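The numbers here are math on the coordinates, done by the rules we state, and not lab data. Remember, predicted model here, so these are calculated numbers, not experimental data. Methodologically, a virtual Cβ is constructed for each residue, glycine included, from the backbone with ideal geometry; neighbour enumeration extends over all protein chains shown.
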Amino acid sequence: MKISNLKNIYVRTLKSMPERTEWAKKEMERVGIENYEFYYNIEKTDPIIDEWKDKGLIKLGPECFQCKKTVCSCRAKVVTKGIVANFMSCIFLWRDIVNNDDPDDSLYMILEDDIYFQDNAAPALNYIFQDGFLDNIPKEPVLFKMGWGDMLAYRGTHFEVPIGKHVFIENSDKFSNPCYVANKRFFRYLTDNFKQIHGACDMWVHREMCQGVKHFELFPAICKELSHVGMIKSAMHTKYSEATKMQNLYSTTKDPQYIDKFIEAERRYFDYWFKYAEEEWGITW
Ligand SMILES: [Zn+2]
């Protein structure tokens, strides 16, 4: 099935993580979305990252990138190369969209390769973006948040509804990493306002930049992401969710092997954050 009225559907993935690309391919097949293409992200080993660093396009302290303080107790204080590579990949994709010949009102969908859709996503999306949808969008930057991580706080937003029952709610605090739709004007708004990478891309787009423009969230979400719940490996950095998953497995199975796995996962997580700055950027503190 083709999703109508979207100029393109990009699935962002990495050449170095073919298992994620494969997952996305199967997931698109499962729900029956045919008109999409893979967009290959920059790898965190790409020398272009150091070129951007040398040009001053990446802010690496001295203050913490999360809380903006010079002395703090955040585990991660410097953006990782994974965070930077992800941010740069987004910018390059948005620039491709901005520089194409499509009209300014054109809509694009951007997905992550760890996406997990509701079963009826394809016909539901076709209904949402039916003919006439574009006529109701103002001639200004607009973002539609279509799905987000299945966190406890958002649990009430992840369930399947019949075709035609989704609604858009204006203003949203969600980070719609797994799937968002925006018009070309929105992508131009992002590329025009980008100056420097100073944190994670999702924070910048879905929190900071959203403030200035019209944005909506879909209720309920059409999808969630798997890396958030530790079911698929994160491409950006070691996440604590791997430890949480082991803890949950222990609670449900009472199998002591999950205690060891939990301890290992937690150690990997802390080791990563304590060592990454030195190893990745050659910075010593
Ligand atoms: Zn901090």
| said: Using each residue's phi in region 39-48, evaluate 6.51 cos²θ - 1.76 cosθ + 1.60 at θ = phi - 60° and report the 3J(HN,Hα) Karplus result to the nearest Hz, with x for Gly and Pro. | reply: 10, 8, 6, 6, 7, 6, 8, 5, x, 4
| request: Taking amide H positions as placed in the peptide plane 1.01 Å from N, state which residues far from C223 in sequence (5 or more) or on other chains have amide H under 5 Å from it. | output: Q118, W148
| Taking the chain as a Gaussian network, where each spring joins two C-alpha atoms under 10 Å apart, which residue of L57, L152, L249 fluctuates the most? | L152
| request: Between D150, D50, D255, find the one with the highest GNM mean-square fluctuation for the chain; connect C-alpha pairs within less than 10 Å. | output: D255
| said: Counting only other residues whose beta carbon sits under 13 Å from that of N183, what net charge do I get with K and R as +1, D and E as -1? | reply: +1
| message | Suppose every Lys and Arg Cβ carries +1 and every Asp and Glu Cβ carries -1, with no other charges. What dipole size does the chain come out with about its Cα centre, to the nearest 20 debye? | response | 660
| Nearest 0.05, what FRET efficiency do N5 and F194 give at R0 = 41 Å with Cβ-Cβ as r? | 0.90
| query | Of V161, G149, A121, whose Cα points farthest to the positive end of the dipole of the chain (charges on the beta-carbon: +1 Lys, Arg; -1 Asp, Glu; origin at the Cα centre)? | reply | G149
| said: With θ taken as phi - 60° and the coefficients 6.51, -1.76 and 1.60, list the Karplus ³J(HN,Hα) couplings across region 66-76 in order, rounded to whole Hz; mark glycine and proline as x. | reply: 8, 10, 6, 8, 7, 10, 7, 10, 5, 6, 9
| Can you give the net charge of the other residues whose Cβ lies under 12 Å from the Cβ of K69, counting K and R as +1 and D and E as -1? | +1
| Rounded to the nearest 20 debye, dipole of region 54-98 from Cβ charges on Lys, Arg, Asp, Glu | 180
| field | Neighbour-limited loop hits for GluC sites (Glu not before Pro), region 18-59 (at most 13 other Cβ within 10 Å; DSSP other than H, G, I, E, B) | value | E34
| note | Rounded to the nearest Å, the spacing of the alpha-carbon centers of region 51-66 and region 82-111 is 22
| message | Expected output is a single nm value to one decimal: the length gained when fully extending between N99 and M203, i.e. 0.36 nm times separation in residues minus the C-alpha distance. What is it? | response | 35.0 nm
| remark: Normalised per residue, the volume inside the convex hull of the alpha-carbon atoms of the chain in Å³ amounts to 144
| note | With x for Gly and Pro, the residue-by-residue ³J(HN,Hα) of region 117-123, computed from phi through the Karplus equation 6.51 cos²θ - 1.76 cosθ + 1.60 at θ = phi - 60° and given in whole Hz, is 8, 5, 4, 9, 4, 5, x
| remark: Mean-square fluctuation maximum in Gaussian network of the chain, Cα pairs under 10 Å, restricted to N183, N126, N99, hits N99
| Looking at F216, T45, L134, which one has the Cα that reaches farthest to the positive end of the dipole of region 8-229 (charges on Cβ: Lys, Arg +1; Asp, Glu -1)? | T45
| query | If all Cα-Cα distances of region 241-281 are sorted into 5 Å bins from 0 onward, what percent lands in each bin, rounded to whole numbers? | reply | 6, 27, 23, 15, 12, 9, 5, 3, 0
| query | Do any trypsin sites (Lys or Arg not before Pro) in region 240-279 lie in a DSSP loop with no more than 16 other beta carbon atoms within 10 Å, and if so, which? | reply | K254
| query | At 222 nm, what helix-only mean residue ellipticity would the chain give, in deg cm²/dmol to the nearest 500, using -39500 (n - 2.57) for each DSSP H run of four or more? | reply | -10500 deg cm²/dmol
